[in-house]
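Just below is one structure, and these are the notes that go with it.
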Amino acid sequence: MNTPETDVKDRSFGALIYLFPLIYSLPFGLILLAQFPWLAQFFSPVIALYSLTNSLPFASLIIFFGLWLGVVRNDKVSYFLRFNGMQAILLNIIQILFSLIMAVLLPAFGAQSLISETLNNTIFMGSVAACFFCMVFSVQGKYAELPGISEAASSQIR
């Protein structure tokens, strides 16, 4: 779905919204970033944002409700931004669910086992791929269609 009415401001802010789930995908990629230092250098701005949000109390909750109330539920904001905001929130909720699943599986497999490292790396790479995919589409002024997530995002927007 292309929208001819999206301007540069909407496109750029629509892409920046996806920094929220990208930042919170970093704990899943710690092992991968430690194994590949060039990848850690590539993600250094995101790592800096992650350390900033972790240093502030309740920062992720404030960002979550800021996106929810300030963007998604605000009728004065364009549909394009509300859709991207809701999709970023849903990506973050999926990451939270994965972290809960990993917290249950971690004692069973061990922190340094091949299975837990593979699951963490897969979650990290999937999150990064989804965020970059959505960022590229947002910059182009298109709606990024993620299976299941896009339908849920559009159904949550009034």
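Give me the distance between the Cα centres of region 23-69 and region 70-119, rounded to whole Å.
12
Zone of Ile96 (label point 7 Å along Cα→Cβ, backbone N under 12 Å): which residues in region 40-68?
Residues passing the 12 Å test: 60-66, 68.
Select from the chain the helices, each a whole stretch of DSSP H, whose alpha-carbon atoms run 18 Å or more along the helix axis and whose Kyte-Doolittle mean is at least 0.5; answer none if there are none.
Helices meeting the span and hydropathy rule in the chain are 79-109, 114-140.
Only four residue types carry charge here, +1 at the Cβ of Lys and Arg and -1 at the Cβ of Asp and Glu. Report the dipole size of the chain about the Cα centre in Debye, rounded to the nearest 20.
Dipole about the Cα centre, nearest 20: 240 debye.
Between Ala129 and Phe109, what length comes free when the chain is fully extended (0.36 nm per residue of separation minus the Cα-Cα distance, one decimal in nm)?
Extra length from Ala129 to Phe109 when fully extended: 4.6 nm.
Which residue, chosen from Gly141, Gln95, Ile63, occupies the Cα position most advanced towards the positive end of the dipole of region 8-156, where the dipole is computed from +1 (Lys, Arg) and -1 (Asp, Glu) charges on Cβ about the Cα centre?
Going by the Cα projections, it comes out as Gly141.
Read-outs: derived from the displayed coordinates by stated rules, not from any lab. Computed from a predicted model, the values in this text were never measured in an experiment. Glycine gets a Cβ as well: all are built from the backbone with ideal geometry, and neighbour counts include every protein chain shown.
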